[in-house]
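Okay, so here's the structure we're looking at.
The values are calculated or read from the model by the stated rules, or taken from the named source; none is laboratory data. Quantities reported herein were computed from a predicted structural model and do not represent experimental measurements. Don't worry about glycine lacking a Cβ; one is built from the backbone with ideal geometry, like all the others, and counts go over all protein chains shown. Each accessible area value is taken on the protein alone, full model and side chains, heavy atoms only, with ligands, DNA and RNA left out. Shrake-Rupley method; radii C 1.70, N 1.55, O 1.52, S 1.80 Å.
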Amino acid sequence: MPGKRLDEEERQLIAQWLWDGLGYSEIGRRLQRPASTIQREVLRNGGHNNYLPGAAHRAASERAMRRIPAVDDLDVDDEAYSFDRSPGEVQEFHLRLVAVFRQTGLTRTAARILAEVFMCDRGSLTATELVLRLSVSPGTISRSTAHLQELDLLRAERDGKRMRYYLDDDIWYRAWLSSAQRNSTWAHTALDGAEIFGLGTPVGARLKDMGQFFSFVVVDMEATRQKWLDFFEKKKRARGDSPSS
């Protein structure tokens, strides 16, 4: 049973037991399936409150007809659910993490991609793995990962015939650096505008306030940047890495 794909009857039981309030671990025990398999099935088909067994089974059948490998067929460890982690707590945190990433301005798909890679202990996933985990098209993954790379939130490398996406140790520093550069641009642009419109005009005064605010932010961020660089160098030396040039 564990090596086979879920069938329609099992999906009907999953829907019924979700309605009854059972957790993924208990549903997995009853079906003799890993709890992570149940969770993946639910998350990629509407989530806990919107899981429809008929639609889920049709989607699985369509994937099989397209000869796209199922998630269960991939050589991927269920890392997010290992180390005796609670599937329920993992799911709850996953949703929270996606919500936090979306608050930064990321699209829903980009936020979900970043959360998936972030919650993988290896810190990397292939494009195919992301397609299957998120149940979206390869084109959607390509566009969203390209956007994340532009923001320095993901790094892409060719892994054989596959594209693999990674998180780097200095991901937040590089993302912060992009933000600092934007703040600096806003400060200079606003101050230039204040000169053009005139400091004694309403528009000029408004632009001056904006420019001064972001100038203060840039100064504070520069101090933070130096502290982080010092910390990062100490961390690398402790690991035995070569110091940055």
Tell me, yes or no, whether segment 225-236 has at least one residue that is modelled with pLDDT under 75, polar (S, T, N, Q) and open to solvent by 40 Å² or more (accessible area, probe 1.4 Å). yes
Any idea which of (1) at pLDDT below 75; (2) open to solvent by 30 Å² or more (accessible area, probe 1.4 Å); (3) closer than 30 Å to A146 by Cα is the one A99 doesn't satisfy? (1)
Output the residues belonging to segment 1-54 that are assigned to a helix (DSSP H, G or I), among the acidic types (D, E) and open to solvent by 40 Å² or more (accessible area, probe 1.4 Å). E8, E9, E26
Residues in segment 200-210: is at least one open to solvent by less than 60 Å² (accessible area, probe 1.4 Å), part of a helix (DSSP H, G or I) and out of contact with any helix residue (DSSP H, G or I) (no Cβ under 7 Å at 6 or more places or on another chain)? yes
Within segment 164-183, considering residues that are touching a strand residue (DSSP E or B) at 6+ places or on another chain (Cβ under 6 Å) and not aromatic (F, W, Y), the one nearest to F214 (Cα to Cα): D168
